[in-house]
Amino acid sequence: SRNNENVLGLSIVGMPNVGKSSLTNALLNKNRSIVSTTAGTTRDSIDASIKWYGNKINLIDTAGLRKLSKIKDKIEYYSTLRTKSAIWRSKIVLVLIDAEKGFTRQDKSIIDETIKVGKGLVIVINKWDLIKKNNDTMGQYIKTIKSQFKLIDYYPILFVSALTKQRINKVLEVSWQVYRRMKTRITTKALNSKMIEILKLKPPPSEKGKNIKIKYVAQVSSEPNVIALYSNYPSLIKTSYKRYLENSIRKNFDLKGVSIKLSFRK
């Protein structure tokens, strides 16, 4: 509905014991005016809404943060199912990572899922208060994550402590910034004039004797953000070149936190 357009659906996902409930509580306590908690589709899914500087933010499925059963695989099964459903229902996903445990394969797969379905993404390193620090601890930490998740530079990273409330106010602020970027369409004119420069700098390499041309670019949807590139041989464009194009588009436009999909069309 029209009036829903300015509600930011935000979900907090991550591995068990990473501090999802603590972060949820910290966000709810910090912004005392909890407007409502509505029971969702599954029996024990609860969305809580927060008024934040006059904006409405819905925290998706806060009840999913509770353990569902003592049986180990049942928890695993439900938590992956719940995670997927929370990701689908939200506009922006906060992926929580345990600072002490470090970045795991499961964290990567949650992030991949978020990007695949075109949601906004903010990476939140929780329990930062427990880490011994020097002047480059954050830099080193980001480097370690980057070795497993190459696209780290495309998304905001926050170092917080839900327990000591350190940088908790940043969480909603950065989420709202990402939401604003997601809703902003890039004009066709701006895209095409930048694309001329990008292609000039590094034209598509010929493939199978064919001279590949990209003739026209337009953003065809937002939330999820899809950019269509019209070419004479879309199927011949190599993955590495597609990555170059996404990188270049991101460098030229404000898309931090926004998952974009490039769609190559005839």
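The values are calculated or read from the model by the stated rules, or taken from the named source; none is laboratory data. Quick caveat, the model's predicted, so the values are computed rather than measured. Methodologically, a virtual Cβ is constructed for each residue, glycine included, from the backbone with ideal geometry; neighbour enumeration extends over all protein chains shown. These accessible areas exclude ligands, DNA and RNA; they are computed on the full protein's heavy atoms, side chains included. Shrake-Rupley method; radii C 1.70, N 1.55, O 1.52, S 1.80 Å.
Numbers at a glance
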quantity	calculated
Criterion: basic (Lys, Arg) and surrounded by 17 or more Cβ atoms within 10 Å (Cβ to Cβ) - qualifying residue of Lys127, Lys150	Lys127
Helices (runs of 4 or more DSSP H) wholly inside segment 136-221 containing at least 3 residues that are over 15 Å from Ser259 (Cβ atoms) and touching a strand residue (DSSP E or B) at 6+ places or on another chain (Cβ under 6 Å)	168-183, 188-201
Boolean, Ser11 is surrounded by fewer than 19 Cβ atoms within 10 Å (Cβ to Cβ), under 26 Å from Gly257 (Cα atoms), among the small types (Gly, Ala, Ser) and at pLDDT 80 or above	no
Number of positions in segment 87-108 that are in a helix (DSSP H, G or I), closer than 15 Å to Gly9 by Cβ and open to solvent by 10 Å² or more (accessible area, probe 1.4 Å)	2
Hits in segment 153-195 - residues which are hydrophobic (A, V, I, L, M, F, W, C) and loosely packed, with under 15 Cβ neighbours inside 10 Å	Ala190
Residues located in segment 130-147, provided they are open to solvent by 40 Å² or more (accessible area, probe 1.4 Å) and in contact (Cβ under 8 Å) with a residue 24 or more places away in the chain	Leu130, Thr144
Selection within segment 222-238 - at pLDDT 95 or above and either hydrophobic (A, V, I, L, M, F, W, C) or not in a strand (DSSP E or B) (or both)	Val226, Ile227, Ala228, Leu229, Asn232, Tyr233, Pro234, Ser235, Leu236, Ile237, Lys238
Condition met for Gly40 (surrounded by 12 or more Cβ atoms within 10 Å (Cβ to Cβ), out of contact with any Ser or Thr (no Cβ under 8 Å at 6 or more places or on another chain) and modelled with pLDDT under 75)	yes
Some residue of segment 196-213 being free of Cβ contacts under 8 Å to residues at least 12 places away in the same chain and within 19 Å of the chain's Cα centre (by Cα)	no
Subset of segment 235-257 (residues that are open to solvent by less than 20 Å² (accessible area, probe 1.4 Å) and out of contact with any Gly (no Cβ under 6 Å at 6 or more places or on another chain))	Ile237, Tyr241, Leu245, Ser248, Ile249, Leu255
